[in-house]
Amino acid sequence: YPDAGYRQWVAATWQARLDKAKQTGTPFEPVELNIQCKDGTSRTALVGAVPLGATFKGLHLVVLHDITERKRAETSIREQADLLNQTRDAIMVADLSNRFTFWNEGAERITGWSAAEALGQTAESTINLVTDARRAAIREAVMTTGAWQGEMPIRRKDGRTALLDLRITL
């Protein structure tokens, strides 16, 4: 482990989780650890344990799952989200079910819906004012060409309508 203080934290955390598993008979709660490898590289591992007998009173098997790349990807996504929040434009990301998965501060300012309110919701339940036929045509264009651009009225949280110049990309 990187330093003596961190080694002490790891040992104390490991013992506390092992004691809890022994006392309650519940599974060992995995812990995320920063590990320095023999070659000097640093990795992040999700570390757990399973008893080799019926309980944790005897030997146990320690399992390390390398999550370094996942942690790097999460950091990159957070950094990108921070950059997207700096623009005054509304940036909204939805999955193919049309449920919002990202909602920047520009979208909050323009629509009045907070990210907490919008995430997981569909456009239809929040901002969408277009007809089913127009929505289908836009979806077809996006699925065929990968993009659609044009003006679209939206419903703000306060009920007012706003006309936006939108670019939708797959």
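The values are calculated or read from the model by the stated rules, or taken from the named source; none is laboratory data. Since the structure is predicted, the reported quantities are computational estimates derived from the model, not experimental observations. Glycine gets a Cβ as well: all are built from the backbone with ideal geometry, and neighbour counts include every protein chain shown. Heavy atoms of the whole protein, side chains included, go into the accessibility calculation; ligands, DNA and RNA do not. Shrake-Rupley method; radii C 1.70, N 1.55, O 1.52, S 1.80 Å.
Structure summary
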quantity: Those residues of segment 18-46 which are touching a residue at least 24 places away in the same chain (Cβ under 8 Å) and either open to solvent by less than 60 Å² (accessible area, probe 1.4 Å) or of a type in the set (S, T, N, Q) (or both), in sequence order; calculated: LEU18, ALA21, PHE28, LEU33, ASN34, ILE35, GLN36, SER42, THR44
quantity: Residue that is surrounded by the most Cβ atoms within 10 Å (Cβ to Cβ) [pool: residues in segment 125-141 that are among the hydroxyl-bearing types (Ser, Thr, Tyr) and assigned to a helix (DSSP H, G or I)]; calculated: THR126
quantity: Residue check, THR68 over 27 Å from GLU124 (Cα atoms), among the β-branched types (Val, Ile, Thr) and either touching a residue at least 40 places away in the same chain (Cβ under 8 Å) or surrounded by 11 or more Cβ atoms within 10 Å (Cβ to Cβ) (or both); calculated: yes
quantity: Residue in segment 64-77 that is out of contact with any strand residue (DSSP E or B) (no Cβ under 7 Å at 6 or more places or on another chain), over 17 Å from THR26 (Cβ atoms) and of a type in the set (S, T, N, Q) present; calculated: yes
quantity: GLU79 surrounded by 14 or more Cβ atoms within 10 Å (Cβ to Cβ) and among the acidic types (Asp, Glu); calculated: no
quantity: Single match in THR122, THR111, THR87 (criterion: surrounded by 11 or more Cβ atoms within 10 Å (Cβ to Cβ) and without any contact (Cβ under 8 Å) to a residue 24 or more places away in the chain); calculated: THR87
quantity: Unique match (being of a type in the set (Gly, Ala, Ser), under 19 Å from the mean Cα position of the chain (by Cα) and open to solvent by less than 60 Å² (accessible area, probe 1.4 Å)) among ALA116, ALA73; calculated: ALA73
